[in-house]
Amino acid sequence: MVADALVYHPAVAHYLKYVATTVGRDKLLRTLQYFARFYAWYLLRTNQPKTAIVPWETMKKQFGMVRKVLRVGKNVEHFKAAAAAVDAKTMDPVLRYAAVGRQLGYAGYLTLDIATVLDATGIKKSPSAKKFQTEAYRFWAMGLACSVVAQAYTLWQLRQREARVDRKEGEGVVESKRIAM
């Protein structure tokens, strides 16, 4: 009876749908990893013994490694998204180039991150792993920069559109509310 109530609870169904996706698992693992990082920092700041901190540091590192392994193959999604953005001829050119840059940045990051998996897991050490990781972070920064450019451009476009709206008309009021959302 009680087991049925728990197993068939809507929250369990929602959880199962959530972790059935790679993104859902990654978000859950990231939450646990960052909590472990925060708690290890908190224990360090409150002068707790090293024996209390080590398990949380280990948890942080292990969840980070699991996330790294789960990212293998995700670069293909970003290459596909970049190709789709290149083909989107009706899209605003600035947003299109920013989308292509963002997707290529993330794809480059994930591709170089894959190159460091064997080294990070200890399966096969590589002298160039540190260089690959540094370059991966540069690609990640490029993706973030393109994302910021796209968001700033979109905000600029919305402000331009809002400046043209006549708020004295009924349609203008509705349009300004639509822009605000």
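Quick check on segment 96-135: of everything there that is of a type in the set (D, E, K, R) and touching a residue at least 12 places away in the same chain (Cβ under 8 Å), which residue is nearest to LYS74 (Cα to Cα)?
We begin by selecting, within segment 96-135, every residue of a type in the set (D, E, K, R); these are 96, 102, 113, 119, 124-125, 130-131, 135.
Adding the requirement that they be touching a residue at least 12 places away in the same chain (Cβ under 8 Å) leaves 102, 113, 135.
On the way: ARG102: 15, ASP113: 11, GLU135: 18 Å.
My answer is ASP113.
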Going through (1) surrounded by fewer than 13 Cβ atoms within 10 Å (Cβ to Cβ); (2) in contact with a Ser or Thr (Cβ under 9 Å, 6 or more places away or on another chain) one by one, PHE38 fails only at (2)
Test LYS27 against the stated conditions and say whether it is modelled with pLDDT under 95, part of a helix (DSSP H, G or I) and basic (Lys, Arg). yes
Considering every residue within segment 78-100, establish whether at least one is within 26 Å of LYS27 (Cα to Cα) and among the aromatic types (Phe, Trp, Tyr). yes
Test GLY172 against the criterion of being within 20 Å of ASN75 (Cβ to Cβ) and either modelled with pLDDT of 95 or more or assigned to a helix (DSSP H, G or I) (or both), and give yes or no. no
Restricting to segment 80-94, name every residue that is surrounded by fewer than 16 Cβ atoms within 10 Å (Cβ to Cβ), part of a helix (DSSP H, G or I) and in contact with a helix residue (DSSP H, G or I) (Cβ under 8 Å, 6 or more places away or on another chain). VAL86, VAL94
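The values are calculated or read from the model by the stated rules, or taken from the named source; none is laboratory data. Small disclaimer: the values here were computed from a predicted structure and weren't measured. A quick note on method: Cβ atoms are made from the backbone with ideal geometry, for glycine too, and the neighbour counts reach across all protein chains shown.
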